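As structure tokens, the structure follows; a few thoughts come after it.
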Amino acid sequence: MKNSLKYTLLIVVSALAMAMTFAPANAWILGYFSLIPLLHVFYKDPKKGFARGYLFGLIYSLVLVHWLAFNSGASVWLVTLSAFLAAAFLA
């Protein structure tokens, strides 16, 4: 259980760091280092690679498509649902 929480936190940190490479943060240098924690998790436990890779993609996509909720003009619950479904599809 302890390793699972540690690996999940590494995946979240990796996804957030990778998302920071885009505007408005524009921290492009993080792109070179942000995948290191993810690759470490894959190396330590390759059997759960798909689920952990999907979690990385889901968090990464959610951070990148958040602007859809503010620029569409639709109702909040519909936009939230569609943004989550779009992120789940993109992951």
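Below, the figures for the structure above:
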item: Label-zone membership for segment 8-29, site His66, 7 angstrom Cα→C-beta point, backbone N under 17 Å; result: 12-28
item: Highest-first arrangement of 80-86, 57-63, where packing means the average Cβ count within 10 Å; result: 57-63, 80-86
item: Estimated inter-spin distance, Val12 and Leu39, nm [label 7 Å along Cα→Cβ]; result: 2.4
item: Residue with peak Gaussian network fluctuation, the chain [Cα springs, cutoff 10 Å], from Ala17, Ala25, Ala69; result: Ala25
item: Kirkwood-type radius of the chain, with distances r between different C-alpha atoms, in Å; result: 14.0
item: Span-like helix ranges in the chain, DSSP H, alpha carbon extent 20 angstrom or more, Kyte mean at least -1.0; result: 2-19, 49-64, 76-90
item: Using a Förster distance of 22 Å, the FRET efficiency for Tyr32-Leu90 (Cβ separation, nearest 0.05); result: 0.45
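Read-outs throughout are calculated quantities, based only on the coordinates presented, and are distinct from any laboratory measurement. Here the structure is a predicted model, which is why all the values come from computation and not from measurement. FYI the Cβ positions are ideal-geometry reconstructions off the backbone, even for glycines, and counts take in every protein chain you see.
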